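K.L.:
Here it is, the structure, as structure tokens.
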Amino acid sequence: ARRLMRKCSDRGAKMNDASVQTLLDILSGVGEKNVTNSLLCTKTLLMEKVGQMMDWASKRSVIRMNGEKFRRFVKAPPRNYSVVVMFTALQPQRQCGVCKQADEEYQILANSWRYSSAFTNKIFFASVDFDEGSDIFHMLNMNSAPTFMHFPSKGKPKRADTYELQVRGFAAEQISRWIADRTDINVRVIRPPNYAGPLMLGFLLAVVGSLVYLRRNNLEFLYNKNAWAFAALCFVLIMTSGQMWNHIRGPPYAHKNPNTGQVSYIHGSSQAQFVAETHIVLLFNSAVTFGMVLLHEAATSDMDIGKRKIMCIAGIGLVVLFFSWLLSIFRAKYHGYPYSFLMN
Amino acid sequence: MDGLTDSGHGHFNTKHKWRTEFSGCNYVVKNDTVANHMRVVSLSSFLLRFNYRSTHHLTSNGFYEFLNWFDERAWYPLGRIVGGTVYPGLMVTAGLIHYVLNLLHMTVHIRDVCVFLAPIFSGLTAISTFLLTRELWNQGAGLLAACFIAIVPGYISRSVAGSFDNEGIAIFALQFTYYLWVKSVKTGSVFWTIGCCLSYFYMVSAWGGYVFIINLIPLHVFVLLLMQRYSRRVYIAYSTFYIVGLVLSMQIPFVGFQPIRTSEHMAAAGVFALLQAYAFLQYLKDRLTKQEFQTLFFLGVSLAAGVVFLTVIYLTYTGKFSLSLMRYLCPPPRYAKIHIPIIASVSEHQPTTWVSFFFDLHILVCTFPAGLWFCIKNINDERVFVALYAISAVYFAGVMVRLMLTLTPVVCMLSAIAFSSVFEHYLGDDQKKDSPPTEDSSDEDDKRNSGNLIVTMLMLMLLMMFAVHCTWVTSNAYSSPSVVLASYNHDGSRNILDDFREAYYWLRQNTDEHARVMSWWDYGYQIAGMANRTTLVDNNTWNNSHIALVGKAMSSNESAAYQIMQSLDVDYVLIIFGGVIGYSGDDINKFLWMVRIAEGEHPKDIRESDYFTPQGEFRVDKAGSPTLLNCLMYKMSYYRFGEMQLDFRTPPGFDRTRNAEIGNKDIKFKHLEEAFTSEHWLVRIYKVKNEGSSRTSSFLRKARS
């Protein structure tokens, strides 16, 4: 019985003295049969583990684990609960932007489960940070973060127990669907209402309001047509150069060819674009616009004739030059487009 | 692979653009001239077929019958209520023209009316754009604007003959409504406002985009109030417009009570209330002393704010009205990408790249900010309107490619203003300029004139480039990808691939009248319209789970698919296969979307990852995933293809679209048999063997019990 006990306590190293004492009492009280003992030991250990997990889960919806905890509570039998583990690298020096976003979604999911009425001890949500448990990453042969894995209550994790992040994305709804698929537990994702947007709006309004209030004696700037026109033009140019596409798709700034080291700023296909490219287009568009305005000014302003002539030449030069340049970029992207102007 | 995920596929609800680049092969989707349209009378492509069918129904059965029309030919076994779920403007317009012509004893077929409706309305659009620009700037700008909108690619995609589409008439209604609105703000006369309301009513009946009007006009009024440009004219115009427009728009069955319920329309109501309050205060101001007025003002404002606040809280609390402002501010594709694969799958619901802007607008996209600049510099009531129009439209166009359509008219107008204000000073201004600077020597004058000439020439050259660009785009990209495909040989001669019509004709002649044809939803309207057979799903994608069921059947193995097809009573399966000719818009290239949509509803049975190789590639050759190589779509596409050698340089079974030798050449069917394959293998039709003796479907039995 003593040997058995040591085994038990070896497995459950976290047990405190009191619990070891109780266990000892129970064990010595019950008797000789090894089978019974080991069963009982397993059961007790299980209860212990579940109790500990519940305790943690009640404190934080996502249990943070290091290597040791992970091995004991997730890897080692006995278990009657499933664990979903997010392997991640949240330390700032790791510079993992996706990890942060994935973590937010994961927290939402775990919280929805934690505070739902269906909360049981059948499933727990945990996370392992690379900087706290790099040995786990090595053990599982994992070389990318974030990764979601499900450890079923019985048996080893299969292929489908690793969540396909690339394919399904890390939206909480998708993860919950995957969990439902793996464990038959449905987690209804409840997103906390997003106060950030209205708050920002309120903040902005307050800033604008206070600015106006501070300068209430001099509200001339509100009637400045140039400022308004400039703001409107900025907005329009930003939109027509495809910044919204960048915002939604998040393309790289430019592409560097790893073999030659050459940097290309223009994407080769007409279906996609780089950020650098949109900035170039923005610049060209505004140059053409500016040229048009200059041409108009040259004809209408009351400056002397020499200046007006220069303005006129600059205007038409800007329009023609930048438009043909833009056309040549377009031609490079849109294969099979036959026309060009001034330059190829 | 790149093209596959990027271009998406299909034609969602309204219209289509075909901007897929055909990699490496010389097959270009292209239509022919109007004459060819007449011969073929292809009401180009997919969903337009549905509009035509509805119009036909309307003319042959009358208006009330049309409103009550239940179409049992579509969405078998569910059917579809048509009358209450479409915007009837298009059908009624075509029907009315047909009726009038027949009344005058000019017997034309309704089909001819439908084919030529879009060009007629694009002419009307040009006229209303001219009128609107003339109100905003001057006659010269108006003429330029009309020229621009007549040829600009962004609009011509809806105005080619044979494009029988809601948007075609809706843009006319949009521009005309705006013209009448500007006119009524300028004059303050109820006559123009009522005209504006009627035009608005027409717009509501034609297109869901009317929401743009009902938000832009209140915005205009609101900004006018902020700019302290309130006048009696604005008050009359907006009060009349709001009330009459509201009542009229509620007459359309599909719109119903939405204008007083949904949050899209709340801005209009709010501005209406605000305008009344403002007018009332103005009235009081005239009657009261300053001190009294101030007290009253603060009392009134705080009371009003409190009431509005409480009402909103109450309504939100009871769930009658959701503050879904964020839905509009946050770009829809991002929202949809996460939640609804069927929306993400449609190429029109994507954000817009700068290439699309340039492709659709060419020089106009660079010059219209200049027009905006001139408008804001010389601001007045109606120019506030056009500035707001430009800013809101450019935002929406940036978010969704499809909404480029609403941006196009305003870009034409503003560009026209920019060009016309340049031309005004450089073109034929000799006489005017001659008189003031008398001190200039004639020598300098000559120089200036030559300078002016150069500027004018260069500008005209740019405009010429624009015209050439428009012609090229129209003939290459936007002449509707109809059911007829054309291919070009190296020497430039043209082959016509008429496989679609061949197949639909076969269906019509050789199958039972009540046969049910399963296909992917892109071809639903075509099958219903041209083959006159019952379809399971079609381009009106109102029922996602039904589409997912079809997707599941296509992506399961044969026996599982057979069960689904049995339960849905399918007699024939139709697929599009481009491997022989290298046509990239075929079903295998769309296949991943079928899988995704099926997975959305049946995550236990279909998994997208099963269709990829372990490296995450989508391959049809030997290295492809076994699930893919044995699914129904693959088998149907490549059945007997392994025996076929297209070229001496390539092995048998070489797929030209995907440039790969197929991985499963030994395909045998247990429950299906090949019924028809068109000349270039573009359309393949399979018959589902009927093994069970009972023909009544489990579906119908279930429905009866």
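The values are calculated or read from the model by the stated rules, or taken from the named source; none is laboratory data. Treat the numbers as computed from the prediction; the structure is a model and nothing was measured. No Cβ is skipped: glycine too gets one built from the backbone with ideal geometry, and neighbour counts run over all protein chains shown. Remember, those area values only see protein heavy atoms, side chains included, never the ligands or the DNA or RNA. Shrake-Rupley method; radii C 1.70, N 1.55, O 1.52, S 1.80 Å.
K.L.:
Which condition from (1) part of a loop (DSSP other than H, G, I, E, B); (2) crowded, with 21+ Cβ neighbours inside 10 Å; (3) of a type in the set (Val, Ile, Thr) is the one that B:Thr650 breaks?
P.N.:
(2)
K.L.:
Six or more apart or on different chains, Cβ under 6 Å: which pairs go from a residue in the stretch A:143-169 that's facing chain B (nearest Cβ under 9 Å) to one that's surrounded by 14 or more Cβ atoms within 10 Å (Cβ to Cβ)? Could you list them?
P.N.:
Note: pairs meeting the criteria are A:Glu164/B:Ser609; A:Val167/B:Glu608; A:Val167/B:Ser609; A:Arg168/A:Gln174.
K.L.:
Is at least one residue of the stretch A:189-209 surrounded by 13 or more Cβ atoms within 10 Å (Cβ to Cβ) and away from chain B (no Cβ under 11 Å)?
P.N.:
Checked the stretch A:189-209: at least one residue is surrounded by 13 or more Cβ atoms within 10 Å (Cβ to Cβ) and away from chain B (no Cβ under 11 Å).
K.L.:
Of the conditions (1) touching a Lys or Arg at 6+ places or on another chain (Cβ under 9 Å); (2) at pLDDT 85 or above; (3) farther than 30 Å from B:Asn452 by Cα; (4) facing chain B (nearest Cβ under 7 Å), A:His267 fails just one. Which one is it?
P.N.:
Evaluating A:His267 over (1) touching a Lys or Arg at 6+ places or on another chain (Cβ under 9 Å); (2) at pLDDT 85 or above; (3) farther than 30 Å from B:Asn452 by Cα; (4) facing chain B (nearest Cβ under 7 Å) leaves (4) as the failure.
K.L.:
For the structure I just gave you, tell me whether B:Ser60 is under 30 Å from B:Ile417 (Cα atoms) and either of a type in the set (Ser, Thr, Tyr) or open to solvent by less than 10 Å² (accessible area, probe 1.4 Å) (or both).
P.N.:
Judged against the criteria, B:Ser60 is not a match.
K.L.:
Residues in the stretch A:270-289 that are within 8 Å of chain B (Cβ to nearest Cβ) and open to solvent by 20 Å² or more (accessible area, probe 1.4 Å): how many?
P.N.:
Number satisfying all stated conditions: 2.
K.L.:
Can I ask one more? Determine, yes or no, whether B:Leu407 is in contact (Cβ under 8 Å) with a residue 12 or more places away in the chain, more than 7 Å from chain A (Cβ to nearest Cβ) and within 20 Å of B:Gln350 (Cα to Cα).
P.N.:
Yes.
K.L.:
Considering only residues that are within 21 Å of the chain's Cα centre (by Cα) and not in a helix (DSSP H, G or I), which ones fall in the stretch A:262-288?
P.N.:
The answer is A:Phe274, and nothing else.
K.L.:
When both residues are 6+ apart or on different chains and their Cβ atoms are under 7 Å apart, which pairs have a first residue that lies in the stretch B:504-521 and is crowded, with 16+ Cβ neighbours inside 10 Å, and a second that is basic (Lys, Arg)?
P.N.:
Within 7 Å, the pairs are B:Leu507/B:Arg533; B:Thr511/B:Arg533; B:Ala515/B:Arg533; B:Val517/B:Arg533; B:Trp520/B:Lys590.
K.L.:
Same structure, new question: Checking the condition among the small types (Gly, Ala, Ser) and more than 13 Å from chain B (Cβ to nearest Cβ), which residue from A:Ser117, A:Ser176 passes?
P.N.:
Step by step, each of A:Ser117, A:Ser176 is checked, and only A:Ser117 is among the small types (Gly, Ala, Ser) and more than 13 Å from chain B (Cβ to nearest Cβ).
K.L.:
Quick one: in the stretch A:296-331, which of the residues that are of a type in the set (Gly, Ala, Ser) and surrounded by 13 or more Cβ atoms within 10 Å (Cβ to Cβ) is nearest to B:Glu424 (Cα to Cα)?
P.N.:
The selected residue is A:Ala299.
K.L.:
Moving to a separate point now. Criterion first (farther than 17 Å from A:Phe148 by Cβ and either open to solvent by less than 100 Å² (accessible area, probe 1.4 Å) or out of contact with any Phe, Trp or Tyr (no Cβ under 9 Å at 6 or more places or on another chain) (or both)) does A:Ile185 satisfy it?
P.N.:
no
K.L.:
Go through the stretch A:65-81 and report how many residues are under 25 Å from the mean Cα position of the chain (by Cα) and either loosely packed, with under 14 Cβ neighbours inside 10 Å or under 17 Å from A:Thr162 (Cα atoms) (or both).
P.N.:
Adding up the residues that qualify gives 1.
K.L.:
Which one of these is buried (at least 16 other Cβ atoms within 10 Å of the Cβ) and either of a type in the set (Ser, Thr, Tyr) or assigned by TED's automatic domain parsing to the domain that holds B:Val384 (or both): B:Leu224, B:Leu288, B:Leu284?
P.N.:
Matching residue, one of B:Leu224, B:Leu288, B:Leu284: B:Leu224.
K.L.:
Also, quick follow-up: Looking at the stretch B:135-146, is at least one residue crowded, with 24+ Cβ neighbours inside 10 Å and touching a His at 6+ places or on another chain (Cβ under 9 Å)?
P.N.:
No - not one qualifying residue is present in the stretch B:135-146.
K.L.:
Still on this model: Could you look through the stretch A:147-171, keep only residues that are surrounded by 13 or more Cβ atoms within 10 Å (Cβ to Cβ) and part of a helix (DSSP H, G or I), and pick out the one that is nearest to the chain's Cα centre (by Cα)?
P.N.:
Filtering first and then ranking leaves A:Leu165.
Matching residues to (1) in contact (Cβ under 8 Å) with a residue 12 or more places away in the chain; (2) over 22 Å from the mean Cα position of the chain (by Cα); (3) in a helix (DSSP H, G or I):
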site: A:Glu173; (1), (2), (3): yes, no, yes
site: A:Ile185; (1), (2), (3): yes, yes, no
site: A:Leu204; (1), (2), (3): no, yes, yes
site: A:Gly209; (1), (2), (3): no, yes, yes
site: A:Arg216; (1), (2), (3): no, yes, no
site: A:Glu220; (1), (2), (3): no, yes, yes
site: A:Asn226; (1), (2), (3): no, yes, yes
site: A:Pro252; (1), (2), (3): yes, no, no
site: A:Thr260; (1), (2), (3): no, yes, no
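K.L.:
Check whether at least one residue in the stretch B:600-618 is modelled with pLDDT under 90, touching a strand residue (DSSP E or B) at 6+ places or on another chain (Cβ under 6 Å) and on the phi < 0 side of the Ramachandran plot, and report yes or no.
P.N.:
no
K.L.:
If I ask for residues that are open to solvent by 70 Å² or more (accessible area, probe 1.4 Å) and either away from every other protein chain (no Cβ under 14 Å) or closer than 21 Å to A:Ser286 by Cα (or both), which ones from the stretch A:236-254 would you list?
P.N.:
A:Ile238, A:His247, A:Pro252, A:Tyr253
K.L.:
Any residue at all in the stretch B:373-388 that's free of Cβ contacts under 8 Å to residues at least 12 places away in the same chain, more than 7 Å from every other protein chain (Cβ to nearest Cβ) and either outside any helix (DSSP H, G or I) or more than 20 Å from the chain's Cα centre (by Cα) (or both)?
P.N.:
Yes; the residues of the stretch B:373-388 include at least one that is free of Cβ contacts under 8 Å to residues at least 12 places away in the same chain, more than 7 Å from every other protein chain (Cβ to nearest Cβ) and either outside any helix (DSSP H, G or I) or more than 20 Å from the chain's Cα centre (by Cα) (or both).
K.L.:
Could you tell me how many of the residues in the stretch B:534-568 are of a type outside the set (A, V, I, L, M), in contact with a helix residue (DSSP H, G or I) (Cβ under 8 Å, 6 or more places away or on another chain) and more than 20 Å from B:Ile81 (Cβ to Cβ)?
P.N.:
The qualifying residues number 8.
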